[in-house]
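All remarks here apply to the structure that follows.
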Amino acid sequence: MDEREVHKVEDHREFGENIRAARKASKISRAVAAERAGISVGYLGEVERGEKWPKLNVLRAIARSIRVSPAKFFEFKEHKAGDPIENLQAELKNRTSEQQRQALRVVRALLGI
């Protein structure tokens, strides 16, 4: 995979994370959001994981279902070299507790601690 492809995958993942974060901030379950948007729960999950890239009409429906502007989904973070610890903290910030615990286990295994 070349660098352009890597950035594309990262952008899709971040885009999906933005949708998930907006939905959670609106305190709306995936099932309710999907029903309101007229899509399946599974499809919304794929979008939130960055596995699917929805059409514009679906994006607008998802945004309406969680009462945000579709522009919210396009608020990408700047990817800077910066401090690795700060970058890791930023990546883990919007993850579930289980995902954070899993990341900690991986880091400990990599470092042999």
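The values are calculated or read from the model by the stated rules, or taken from the named source; none is laboratory data. This one's a predicted model, so the numbers in the text were calculated from it and none came from an experiment. Ideal geometry is used to build each Cβ from the backbone, glycine not excepted, and the neighbour counts take in all protein chains shown.
Here are a few things to note about the model shown:
- Residues (among the polar types (S, T, N, Q), modelled with pLDDT of 85 or more and surrounded by 13 or more Cβ atoms within 10 Å (Cβ to Cβ)) located in the range 54-99: SER65
- Residue ID - surrounded by the most Cβ atoms within 10 Å (Cβ to Cβ), chosen from residues in the range 15-29 that are more than 19 Å from ASN57 (Cβ to Cβ) and of a type outside the set (Asp, Glu): ARG20
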